[in-house]
Each structure stands twice: as C-alpha cells, then as structure tokens.
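Engineer: Got a structure here, written out as structure tokens. Questions coming.
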C-alpha cells in the first residue's frame, strides 16, 4: 500500500472524534501532497527548519503541528503560521511563545507536554510542577496562548500494560486540570495528544483525541534526505 492508502486504512479504524495527525518529518512534499489530495490537513513536524520550508512550498490550508522539542530561539519562525504546538514543556517556553504570538496578533493553540515515562530522553512538565503553575494563576497573563489540552509519550517498550498505565496517567492529569482549573484553561481544554505508530490503539482506548502517526503511514524515516 502507498501512504495515502495506509492513511485511509488507519483513518477508518479511528473514532470520528480522534484527529489523525500525519507525522511527515523527513518526508518529501510529494508524500504530503498525496495525503492532502485525499483530504488530510493535519501534519506534524519535529524540526522548525523543516516545517518552515514545507510551509513555504505547500497549500496554506494545511494545519501544521509542532510536535518536537522547541527551542525558544526558533519560536519566531513558526509563530506566523503554526496551528498547534504540542510540546510546551516549561513556563519559560510558554512565555516566549506568548511574546512572539503577540507580535503577530495571534492566539496560538498549545498543549502542556507531560513527562510520564521514566526515560531521560523524554521532556515535559512534572505533574506536580504543572499543578503548582496552574494554582499560581501565572498562565492567565499569557493572553496570546490558548491551552487546549495535554500531550504525552509513553515509554518505548513492548509492555502494553506499562504503556496503558502511562496513557491513563496522562488522561487523569487532563481530567484533574479540567475539573480543578477550568477558569485557567477555559472551555477549549479538550485535547489529549498521545499515541504513535506502535501504541495508538491503546492511546485511543485511554482517551486520546489526537494520534501522531508517522512510520505506519509513510514508512521508515529517511534522515539522509536533504531538506
């Protein structure tokens, strides 16, 4: 099957309320267009340089999602057009996104990245740290960010029970925030971004509303391909 057929197959398996985010990092614009032509509009990228180049070459109604770690000095390049930033993992990053968004008179949709996996390579808010941040009301001052939910990545393991436990932890934090800090996050707080190619079925069972799928749609990444 080609990537458009794979996308269609996965889309048909998912509930209607779940967004299938096609993770197109390292993939050429031709692959993206093959999905665009069958109706896909949500694409995810890890690297700012790659996203900005693809944005310049592709249709402007594509919804670009920044899903990788974001450096504060790179924010300004994607703020004019990015649809959603999934990887807000610190107050410092949120403040800078808010600052750059204000320059463009935009309100940018963002997700809190949560650290639930016991891996050093994973980033994100510690759950208690995020609760404290919300209780202090600091986020109310960030008027050019709209926090729409949370994002989490499970441990890279074949242990389905561990993956399920971590995804349920993400869902429980989402529920806690929605119940206790509704005034801080507002009615738009509806999204749970979790689940990738190897574990998206479990993620959907645990309440995911956005699954981020790359290799199952496009095949293995080609890191040798020049931008």
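Rule-based calculations on the coordinates, nothing more; no lab input. None of the values given here were measured: they were computed from a predicted structure. Neighbour counts are summed over all protein chains in view; Cβ atoms, including those assigned to glycine, are modelled from backbone coordinates with ideal geometry.
Engineer: I'm trying to understand the selection: among the residues of region 133-147, which are outside any helix (DSSP H, G or I), over 17 Å from the mean Cα position of the chain (by Cα) and at negative phi?
Structural biologist: First pass over region 133-147, keeping only residues outside any helix (DSSP H, G or I): 136-137, 142-147.
Filter once more, keeping what is over 17 Å from the mean Cα position of the chain (by Cα): 136-137, 142-144.
Scanning region 133-147 gives 136, 142, 143, 144.
Engineer: When region 1-39 is examined, which residues are found to be touching a strand residue (DSSP E or B) at 6+ places or on another chain (Cβ under 7 Å) and more than 19 Å from residue 194 (Cα to Cα)? Spell out how you get there, then give the answer.
Structural biologist: First pass over region 1-39, keeping only residues touching a strand residue (DSSP E or B) at 6+ places or on another chain (Cβ under 7 Å): 7, 10-11, 14, 18-25, 32, 35.
32, 35 - these are the residues of region 1-39 that are touching a strand residue (DSSP E or B) at 6+ places or on another chain (Cβ under 7 Å) and more than 19 Å from residue 194 (Cα to Cα).
Engineer: Would you mind stating whether residue 39 is loosely packed, with under 14 Cβ neighbours inside 10 Å and closer than 21 Å to residue 204 by Cβ?
Structural biologist: Working: loosely packed, with under 14 Cβ neighbours inside 10 Å: yes; closer than 21 Å to residue 204 by Cβ: yes.
Taking the combined requirement at face value, the residue satisfies it.
Engineer: Keeping to region 44-59, report how many residues are surrounded by fewer than 16 Cβ atoms within 10 Å (Cβ to Cβ) and either in contact (Cβ under 8 Å) with a residue 40 or more places away in the chain or farther than 22 Å from residue 217 by Cβ (or both).
Structural biologist: Looking only at that region, the number is 3.
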